[in-house]
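One structure below.
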Amino acid sequence: MAEFTMELNEEQREVRDWLHGFAADVIRPAAAEWDEREETPWPVIQEAAKVGIYSLDFYAQQYFDPTGLGIPMAMEELFWGDAGIALSIVGTGLAAVGVLANGTEEQIGTWIPQMYGDANDVKVAAFCSSEPDAGSDVASMRTRAVYDEAKDEWVLNGTKTWATNGGIANVHVVVAVVDPELGSKGHASFIVPPKTPGLSQGQKFKKHGIRASHTAEVVLEDVRIPGSCLLGGKEKLDERLARARERAKTGGERVKNAAMATFEASRPAVGAMAVGTARAAYEVALDYAKTREQFGRPIIDNQGVAFQIADMRTSVDAARLLVWRASWMAINGRPFTAAEGSQSKLFASETAKKVTAQAIQILGGNGYTREYPVERMHRDAAIYTIFEGTSEVQRLVIARTLSGMPIR
C-alpha cells in the first residue's frame, strides 16, 4: 500500500508538466473557437493522439498509479486548459473503462482499439447510461435488452440521453435492463458496433457550458447485436443474475450499498476536473488583480479584492486535498466510511462554481465579456454540480452514510 503524500514524485511531476504544456499550448488557444462553434474539436483530439495523451495506454498508466494521484493530476491539468475540449479528449475513457471493468480479454482487445482509432484517423466512443426518466435514479431505467436465443442476438430498444459523443461515436457502450424485477442489479452492458442498424442520434443538446463536448440522445430501435457483444458473456450474466435474485431475498440492501460504493470510487475524478477549472479562474483573477489599477494602485491592495483572492486559493487547495485523499483511498482499497468520494466531488464542484463567479466579479465588466475566459469557465463550472450525481445527491449519500441509513 502506498503511503499518502502530497509530494509528487519525479515521474509524476514530469507527466504533470507535460500535460500542463499541452493544455497551455494546444488546448487554451483553441478554447474560445470551439466553444463558439459548439462542435467536437477533432483537430485538438488528433494532436492529443499524436503525442500520446488520447490513448488507452496513457490513461491506464495513470489509473494504475499506486499513489492514486495519476488520474486526478491528469484531469486537473487538462481541465485547467479548457473543460469542453478536455471532456472531448477524456470522454472516450468512460466507455473504455466500462469495457475494461466488465469485458472479457477478447472484448477488450477487439473493441477498445476501435474506440480510439489512431493519430491519423481518430475515433471516439460513447457510454450510454442516463435516460430521460432515469438519471440519478438508475433503478428506473427502461431501455431493454432481450435475448434472441435462436439467433444468438440481443435486441435493444430505448432512448439514452446526456451521452457524451452519443451518435457520433464509432463504438457505443449501452447499459440496458435484462431483468426488470432486480432493479439496478438487473442491468447489463452491451457493445453496439459501428454502423449497426437501428442506432441513431436523437437531439443534440445546445448547452450552457462545455460546448466543445458533443452531448446528445441515442435512440435504439430494434438494434440487433451479436451475443458476443454482451460484456462479460452470457454465462457470467446468468450467474450474476442468479446471485442477485438470491441476495434480493436475504440481503437486498447490502447489494444496493455495494453498487453505490462503485459510484463513490469514480467521483474524485470529476472533482479533479472541477479543481482544474477553479484553479484556472483563480489564476486569471490573481493576475488581473495584480495588474489592474484603480485609484492609483493595483486592485489587490483593496481588502475586498484581497480577501476574495485568499478565499479562492484556500478553497481550490482544500478541494484538491479532498480529491487526492479520496483517490488515494480508492486505489488502496480503503472503504469510504464517510462517503469521502462524494465529499470530494461535492466540495470541488461547489468550489468551481463559486470561484469562477468570484473571478468574474474581480474582473468586473471585463469578466462578463468573452474577451476574457472567466465567463466561459463560469459556464463550464455549472456542469460539475450536475453530472456524475448532482450536489443534492452527493449530500444525500454523505448524510445516509454517516447515519447508517440505506443508500438507494
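Data for the structure
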item: Proximal charge balance of GLU11 [Cβ under 13 Å; K/R count +1, D/E count -1]; result: -3
item: For the chain, share of DSSP beta bridges that run antiparallel, in % to the nearest 5; result: 85 percent
item: Proximal charge balance of VAL192 [Cβ under 11 Å; K/R count +1, D/E count -1]; result: +3
item: DSSP loop chymotrypsin sites (Phe, Trp or Tyr not before Pro) with at most 15 other Cβ within 10 Å: longest gap in the chain; result: 65-294
item: Axial C-alpha extent at least 20 Å, average Kyte-Doolittle at least 0.0 - helices from the chain (DSSP); result: 252-291, 303-331
item: Region 83-183: trypsin sites (Lys or Arg not before Pro) in DSSP loop, at most 12 other beta carbons within 10 Å; result: LYS151
item: Accessible area in square angstrom per residue, region 256-408, 1.4 angstrom probe; result: 46 Å²
item: Set LYS160/LYS207; LYS123/LYS151; LYS204/LYS353; LYS50/LYS354 screened for pairs whose C-alpha atoms are more than 27 Å apart; result: LYS123/LYS151; LYS50/LYS354
item: Charge context of GLU76, other residues only, Cβ under 10 angstrom, K/R +1, D/E -1; result: +2
item: GLU39 - accessible surface, heavy atoms, 1.4 Å probe, Å² rounded to 10; result: 80 Å²
item: Carbon and sulfur %, accessible surface of region 345-408 computed with the full protein complex present, 1.4 Å; result: 58 percent
item: Heavy-atom accessible area ranking, 1.4 Å probe, most first, across THR159, THR351; result: THR159, THR351
item: Surface share of carbon and sulfur [accessible, 1.4 angstrom probe, percent] for region 20-179; result: 51 percent
item: Helical mean residue ellipticity (222 nm; -39500 (n - 2.57) per DSSP H run of 4+; nearest 500) of the chain; result: -17500 deg cm²/dmol
item: Value of relative contact order over the chain, rounded to a whole percent, pairs C-alpha under 8 Å and six or more apart; result: 17 percent
item: Per residue accessible area of region 60-141, 1.4 Å probe, in Å²; result: 38 Å²
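The values are calculated or read from the model by the stated rules, or taken from the named source; none is laboratory data. Predicted model, so just to flag it, every value in this text is computed and none were measured. Quick reminder, even Gly has a Cβ in these numbers, built from the backbone with ideal geometry, and neighbours come from all protein chains shown. Quick note on the areas: whole protein, heavy atoms, side chains included, nothing else; ligands and nucleic acids left out. Shrake-Rupley method; radii C 1.70, N 1.55, O 1.52, S 1.80 Å.
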